[in-house]
1. Just the accessible area per residue of the range 1-128, please: how many Å² with a 1.4 Å probe?
2. May I ask you to compute the full-extension gain from K24 to E3, defined as 0.36 nm times their residue separation minus their alpha-carbon distance, rounded to one decimal in nm?
3. Of all accessible surface on the chain at a 1.4 Å probe, what whole percent is carbon and sulfur?
4. How fast does the chain diffuse by Stokes-Einstein, in µm²/s, taking the Kirkwood radius from C-alpha pairs at 20 °C and 1.002 mPa s?
5. Any chance you could check the Cα centroid distance between the range 3-27 and the range 57-71 for me, in angstrom?
6. Taking the simple approach of a point 7 Å from Cα along Cα-to-Cβ for both D185 and D122, what is their distance in nm?
7. Please compute the modelled spin-label separation between A141 and K53, points set 7 Å along Cα→Cβ, answer in nm with one decimal.
8. Scan the range 73-175 for GluC sites (Glu not before Pro) in coil per DSSP, keeping those whose Cβ has at most 12 other Cβ atoms within 10 Å, and list them by number.
Amino acid sequence: MVEIDYFFSVLSPFTYLAGDRLEKIAARHGARVSYRPMDIMEVFARTGGAAPKDRHKARQDYRLQDLSRIAGHSGLDFNLHPEFWPTDPLPASLATIDAVNRDAGDAGLLCRCILRACWAEDRNIAEPDVVDDCLARAGIATGGTSGGIDDLKRQFAANTEEAVARNVFGSPTYAVGDQLFWGQDRLDYLESWLG
């Protein structure tokens, strides 16, 4: 079975705007998705990128235009200026890693619930009650963990290290072997590659 290593940030609007297209593509091609939340700011720092607030005004302005266009095309509810962004990505990232480790439910739906909470519902995904609500909406029990919090933090750091080692520089990135597909607008290319 082909495995798609899905490197993403729970803070990324572009990841949110991909919706459920990755999971649909994987299902059509009998592929398995391996969810790898990563520290996007660390990835930016180590691969020549910059946080959105540190980019040139021309890039900041274009980003906002592009997000508006993509959101309109996607049909997803979208807030261009969410109240709780940026925020601490760790609680939502660790919850995702834990759910995947436990094989506890629909990881794709969990990711979409977390991203929707930030980009459409103006909720702070750093808050435990918001993360717990996202887990519940994805049919994943709260409270149990696959390991201690330190183990989950180590795995988050390892995901980030692997991303950098595999030349990932943004979110979302879909990797199949040595082939990288960066951005929600590359999902059609990913599907062609799988076909």
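The values are calculated or read from the model by the stated rules, or taken from the named source; none is laboratory data. Quantities reported herein were computed from a predicted structural model and do not represent experimental measurements. Every residue, glycine among them, receives a Cβ derived from its backbone with ideal geometry; neighbour counts consider all protein chains shown. For the accessible areas, the whole protein counts, side chains as well, though only heavy atoms, and no ligand, DNA or RNA atoms are used. Shrake-Rupley method; radii C 1.70, N 1.55, O 1.52, S 1.80 Å.
1. Numbers: 6130 Å² over 128 residues.
Normalised by residue count, the accessible surface of the range 1-128 is 48 Å².
2. Details: separation 21, 0.36 × 21 = 7.56 nm, distance 1.40 nm.
Full extension from K24 to E3 adds 6.2 nm.
3. Details: 4840 of 9620 Å².
Carbon with sulfur: 50 percent of the solvent-accessible area.
4. On the way: Rh = 16.9 Å.
Stokes-Einstein gives a translational diffusion coefficient of 127 µm²/s.
5. 20 Å
6. 2.9 nm
7. Between K53 and A141, the label points sit 4.0 nm apart.
8. Working: sites: E83, E121, E161, E162; in loops: E83, E121.
Here the sparse-neighbourhood loop sites are E83.
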